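Notes follow the structure.
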Amino acid sequence: MVGVAYDCLLNPQGAVRSTFENALSKVSDTAAFDGKDWGAIDLFRKFLYDDGGLSQVPVLNPSSIARLKSNTLVRFRGMIQDMLGNELYVGMYKDGETWRTNKFGDFFQFPMATGSSPDMRVWERRLLYCVPVPGQNSWIEYSSESLLNPISISSSPQREKRHREDDTAMDDIDMQVTNEEVQASTSNKKMREDGITSNSSNLGDTPTADIGSATSVLPYFDRNSLPCLVKIYDSPESDLKLNDVFEFIGVLTFDPEFSVDKNVDNDILGYLGDDDTQTQMPPTKVPRLHCLIHKKLSNQDFISGSPTLEVHARVDSTAVGKLSLNLTCFNKETLSVYGLRLNLALKNLLPFTHCVPLTVDYLNKIPLAPKKNYQTNRLASGILQLAEGSHLTIDETQLQEGRLNPIGLENARVLQSLLEHQKVEYDFTYYKMDMPADIQLLVLSEGKSNILPADLVLPFRPLSVDAAQDVEIEVLQSWRWYLATMRSLSHSITQEMQKVVEDDLVAARQADRSLGSLDFSRFLTMGRLVSLSFGETTLTLEHWQMAKELERLRKERL
């Protein structure tokens with residue numbers, strides 16, 4: 001910290017100005033500050049990580065937004081849903097004979113002459129529209145002591161009223177997913193004003209129409225979908241990519257009771273130019289976070305991880321390491337029992353899960369891929385705009401005969417591309433762009449899916465129906481830890497094992513001429529997964545034999 005007057009937690013902008021004044025005294029040319037940090041970031045890194053301040057920083061989420069003070073330090077976890085380009089703002093200006101800074105803020109702390117002047121410097125910052133990670137399950141939470149730091153809470157009567165209302169609404173939230181949640185959950189992924197919510201099968205999620213704007217935060221915001229406009233300073237563009245999940249720590253600027261006259265000169269607000277963002281995402285509804293520090297998050301950063309399956313690498317158009325699964329022998333009756341239990345297990349073990357009902361009506365109406373809206377200059381999200389490591393269950397048991405319209409045909413093609421190549425085609429109207437994905441896919445169907453040819457087809461044949469049992473939180477945490485650890489392990493094959501594998505693949509090819517390169521890639525992926533499931537980072541002969549035996553048993557069941 002730099003003193004009581006400039007508390008990093010309660011007065012972060014004061015701390016920024018203090019480091020600015022200190023750095024200014026050591027340079028003769030103010031151009032040295034253009035696009036560079038002058039020591040503010042180092043100050044906050046020391047406060048957060050060396051001095052243990054991170055645990056004191058409150059989390060920005062739907063339940064805390066009504067109680068947090070503007071211009072204090074907060075942290076927000078979310079997925080980059082849209083990249084809105086750059087914003088010009090007055091970063092430095094003269095107040096009499098004294099240079100001031102407006103970095104990491106929306107408003108000037110000191111008066112400034114309007115209009116352009118040699119006594120001010122215009123800088124750029126990037127705008128990112130971030131949302132909570134789609135499909136995030138309820139057990140993913142920050143530790144309780146960091147959810148809300150009491151010294152950062154506003155105590156105004158209005159906020160106290162919202163505080164009580166939020167506490168009442170949050171009383172029934174359970175950290176463990178329940179059977180009732182699987183049956184009634186509507187884990188809807190909010191989209192733009194012209195968008196729709198995510199739809200899901202009777203495995204848990206119910207199709208509904210969007211009833212409002214995704215940017216409506218208070219008083220009518222979706223409790224599970226608080227967006228945030230993150231402003232990035234002095235960071236290379238390559239550091240932040242669409243659909244990446246980050247933790248952002250920075251200065252919160254938000255007040256639902258604040259209003260700005262539309263005729264006020266933007267120079268007073270600290271930014272320049274025609275800002276459509278102010279109209280579409282007004283600061284009274286969408287909080288701003290002026291980012292000081294950001295960190296890309298993996299599944300392991302959410303306490304627990306997802307299965308060991310992930311896209312290992314990409315060779316040309318092939319996603320090496322993908323392994324989609326089609327469980328057959330499901331119908332509406334068996335799905336109501338085993339499908340729900342399977343969905344419950346996935347929700348309790350994996351951080352991000354989705355269910356999609358594959359019906360003709362769904363395909364013909366629901367846009368699956370994101371599409372650029374040039375009227376609003378925004379990327380309208382689609383169901384398949386998911387974070388890395390998400391799990392997607394596709395329920396094909398409700399699919400009946402019918403005619404697909406152009407939207408349905410395009411959706412079917414997008415799903416096939418995701419399943420075969422781990423790519424989602426984004427629609428920019430004048431062109432389309434393949435975006436790499438890392439999504440685990442499970443298809444539930446009565447017979448082998450003709451629409452979605454999975455890497456593995458396995459008839460589902462349970463031997464008995466046991467009563468559902470509650471699982472202790474400690475057991476779930478152990479499994480989550482196991483899955484996260486196995487996923488994080490690297491894997492390799494020794495030269496000796498490479499020779500064994502090659503010989504076995506040649507023999508398999510001689511026995512079955514229909515086998516191709518994709519089958520061989522699948523065999524190697526199965527061997528790697530079996531090895532990793534035992535905590536081994538190198539493929540052994542024993543585990544290779546186990547993978548081959550699993551494949552033999554699978555073929556016997558077909």
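Couple of notes before you dig in:
- Using the average count of surrounding beta-carbon atoms within 10 Å as a protection proxy, the listed peptides 489-497, 366-374, 431-439 rank, highest first, as 366-374, 431-439, 489-497.
- Listed peptides 283-291, 349-357, 400-408 appear in the order 349-357, 283-291, 400-408 once ranked by packing, highest mean of other Cβ atoms within 10 Å at the front.
- Rolling a 1.4 angstrom probe over region 344-389 with all protein chains present gives an accessible area of which 53% lies on carbon and sulfur atoms.
- Computed from the C-alpha gyration tensor, the three semi-axes of the ellipsoid equivalent to region 57-101 are 30, 19, 8 Å, from longest to shortest.
- For region 379-421, fraction of C-alpha pairs farther apart than 16 Å, in %: 51 percent
- Rg in Å to one decimal, and Dmax rounded to a whole Å, for region 1-88 via C-alpha atoms: 15.4, 47
- Ranking CYS8, CYS329 by solvent-accessible area of protein heavy atoms (1.4 Å probe, all protein chains present), from largest to smallest, gives CYS329, CYS8.
- Separation of region 429-471 and region 49-73, taken as the distance between their Cα centroids, equals 39 angstrom.
- Convex hull volume of region 331-474 per residue (C-alpha atoms, cubic angstrom): 139 Å³
- Shown for region 449-555 is the translational diffusion coefficient from the Stokes-Einstein equation, using the Kirkwood radius over Cα pairs, a temperature of 10 °C and a viscosity of 1.306 mPa s: 97 µm²/s.
The values are calculated or read from the model by the stated rules, or taken from the named source; none is laboratory data. No experiment lies behind these values; they were computed from the predicted model shown. So basically every Cβ, Gly included, is an ideal-geometry build from the backbone, and we count neighbours across all protein chains shown. To get the accessible areas, we keep the full protein, side chains included, count just its heavy atoms, and leave off ligands, DNA and RNA. Shrake-Rupley method; radii C 1.70, N 1.55, O 1.52, S 1.80 Å.
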